[in-house]
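Where a number appears in this text, it was derived from the coordinates with a stated rule and is not lab data. Not measured: the values here are computed from a predicted model. Cβ: placed from backbone, ideal geometry, glycine included. Neighbour counts: every protein chain shown.
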Amino acid sequence: MLCDVCDHEMVKLDRPPTRWCRESWHCPWCHAWTQFETPEFDVLRPGHMPWDLRWEAAWTDMLPDAGHHAYGGFHQTLCGIERPDMEGSQFGMWGGVDDDCPDCTAAALVIDARWPEDRRETFRVSVRALPKPRPEDEPGYVQPADELGRLDIRLPEIPPATATRVLATSILPREAHDGFLTIGDGPGSLRLPASWVACGIGPYRPRDWLQGYGAYPLDSLPPLDEATFVGDFAWIGEIGDPLDYRIAVTDPIAAELAEAGLTLPADFVALITRANLHRLLDTKGAGNWTDVVGPLPSPADSADRMVLFFRDQQSCVMWYLYLRHSGESFVVWSYQDFTREPKLRYNQDGEVVTPRQEINWCAPSVESFAYRYLIEERLNAAIRDKERAKDLAPELLAYLAHYVSGCLEKQTGI
């Protein structure tokens, strides 16, 4: 297929079709893209964008200054640096900054010049998709009683002999009380607010769309059998071998922690370094991404340390591994990015607002956090695609059952 912009031969990307796009074509000369059968277009042809607004920042753990480079696709920067894990940034565009890579800037200007002037404005035409027939629009259609997304959904029974990591009754840590959790004993104990922060689970656990995230009390969550999370991610299957370039991320952190007498837990190291776990939360989640930075001082106890490992795509919420000087470790979340100096904020009267520094306990281990996060994201995907409850795995059914039971009463006040 010839490129409609520069008339060079385009290359079809070797990717399996998805619900978002059947196939993608890329021009290696002018870098124009053409996609077929996207949710809104039968043919999507993005038009010309100025060179300094067009490119995503490069994103890789194998390049210290990755964000200074423009991502050119195919795991390469525009200046030709290639790394196997390189992708386009989920958290920012590239261009127009003093410390931009000069070679990327030169390449971006060359590529921009390859777009003929008469083919820049309104030349590329996208074809909007016609409404596709839906079964629910057919006469006599009856909505399946177990279709996800309806409040009166009927869930199949889980066979009694089937064991899941989701428990039937809530078991809160004995130290939890009134939305707080106490870690340790005596004068050296640490008391933190405790909650799970997330975006809801369809109509079964609605979220406030204006607020985005909701902080859910621990006793409102489906309880998990924490004893089954021993750090090996057995519920994933084969986790793969350690990746050298990921070990290069954790080793310096581990060495600095060792000077303070602290150790990274095995499940954290596995999540960050193993081939089949690395960026698992990114690919299965809602656009959030793995970002490992640390060690960082704790705002709650100067003897403790934290390691950032996961953040919301717009940095609205950050998740940290928390390491106590007394040996305990767990996961906390915060609205504060402790890797950066907080920016000055002002209220309506022009007075400086003190940034929120609190951290919130949310999971007893990194593996437990990953399990709950992934199971909720998998349920949200199934609800969005109107899957049938009978097709859900027992773990998902057990988790959803916690919210379906009595959800009509919660919604209607009956």
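Could you compute the net charge surrounding THR164? Neighbours are other residues with a C-beta less than 10 Å from the C-beta of THR164; K and R count +1, D and E count -1.
Taking every other residue near THR164 into account, the sum is -1.
Calculate, for TRP29 and TYR245, the FRET efficiency according to 1/(1 + (r/R0)^6) with r their C-beta to C-beta distance and R0 25 Å; round to the nearest 0.05.
Efficiency, rounded to the nearest 0.05: 0.20.
What ranking do VAL43, VAL230, VAL293 get, fewest neighbouring Cβ atoms within 10 angstrom at the top?
VAL230, VAL43, VAL293
Relative to the Cα centre, what is the charge dipole magnitude of the stretch 176-412, using +1 at the beta carbon of each Lys and Arg, -1 at the beta carbon of each Asp and Glu, and rounding to the nearest 20 debye?
My answer is approximately 700 debye.
Determine one quarter of the surface area of the Cα convex hull of the stretch 11-128, which equals its mean projected area, and express it in nm² to one decimal.
7.7
How about LYS284: which aspartates and glutamates have a C-alpha closer than 12 Å to its C-alpha, ignoring those fewer than 8 places off in the same chain?
Counting by Cα, and skipping residues close in sequence, LYS284 has these aspartates and glutamates nearby: GLU376, GLU377.
Output the Kirkwood hydrodynamic radius of the chain, Cα pairs only, in Å rounded to one decimal.
Across the chain, the inverse of the average 1/r is 24.5 Å.
Rounded, prolate or oblate: which one fits the stretch 176-412, using the alpha carbon gyration tensor with axes a ≥ b ≥ c (rounded when a/c is under 1.5, else prolate when a/b beats b/c, else oblate)?
oblate
Once you put a point 7 Å from the Cα of GLU37 and another 7 Å from the Cα of LEU109, both along the Cβ direction, what distance in nm separates them?
For GLU37 paired with LEU109, the spin-label model returns 4.3 nm.
Please order TRP333, TRP59 by the number of other Cβ within 10 Å, starting at the fewest.
Ranked by crowding around the Cβ, least crowded first: TRP59, TRP333.
Taking the Cα atoms of the stretch 188-270, what is the range of coordinates along each of the three principal axes, in descending order and whole Å?
Projected onto its principal axes, the Cα set of the stretch 188-270 covers 43, 39, 29 Å.
Could you work out how far the C-alpha centroid of the stretch 120-168 sits from that of the stretch 40-77, in angstrom?
32
Between GLU136 and ASP185, what's the calculated FRET efficiency when r is the beta-carbon distance and R0 is 45 Å? Round to 0.05.
0.20
Label-point separation (nm) for ALA168 and ASN276, each offset 7 Å from Cα along Cα-to-Cβ?
The two pseudo-label positions are separated by 3.2 nm.
For the stretch 73-133, build the convex hull from the C-alpha positions and give me its volume per residue in Å³.
Output value, Cα hull per residue: 171 Å³.
What distance in nm separates the simple spin-label points at GLU147 and ALA254, each placed 7 Å from Cα in the Cβ direction?
In this crude spin-label approximation the distance works out to 5.1 nm.
Report Rg(Cα)/(2.2 N^0.38 Å) for the stretch 287-327, keeping two decimals.
Cα Rg divided by the expected 2.2 N^0.38 Å: 1.23.
Considering only PRO265, LEU280, ILE247, whose Cα is most displaced toward the positive end of the charge dipole of the stretch 237-284, charges sitting on Cβ of Lys, Arg (+1) and Asp, Glu (-1)?
LEU280
What is the sum of charges around LEU109, taking Lys and Arg as +1, Asp and Glu as -1, for the other residues whose C-beta is under 12 Å from the C-beta of LEU109?
With Lys, Arg at +1 and Asp, Glu at -1, the neighbours total -2.
Quick one: net charge around ARG246, please, counting Lys, Arg +1 and Asp, Glu -1 for every other residue with C-beta under 14 Å from its C-beta.
Net charge in that neighbourhood comes out at -4.
Quote the FRET efficiency, to the nearest 0.05, computed for ARG15 versus TYR216 with a Förster distance R0 of 51 Å and r equal to the Cβ-Cβ distance.
0.90
May I ask you to compute the full-extension gain from MET49 to VAL97, defined as 0.36 nm times their residue separation minus their alpha-carbon distance, rounded to one decimal in nm?
Length gained between MET49 and VAL97: 15.6 nm.
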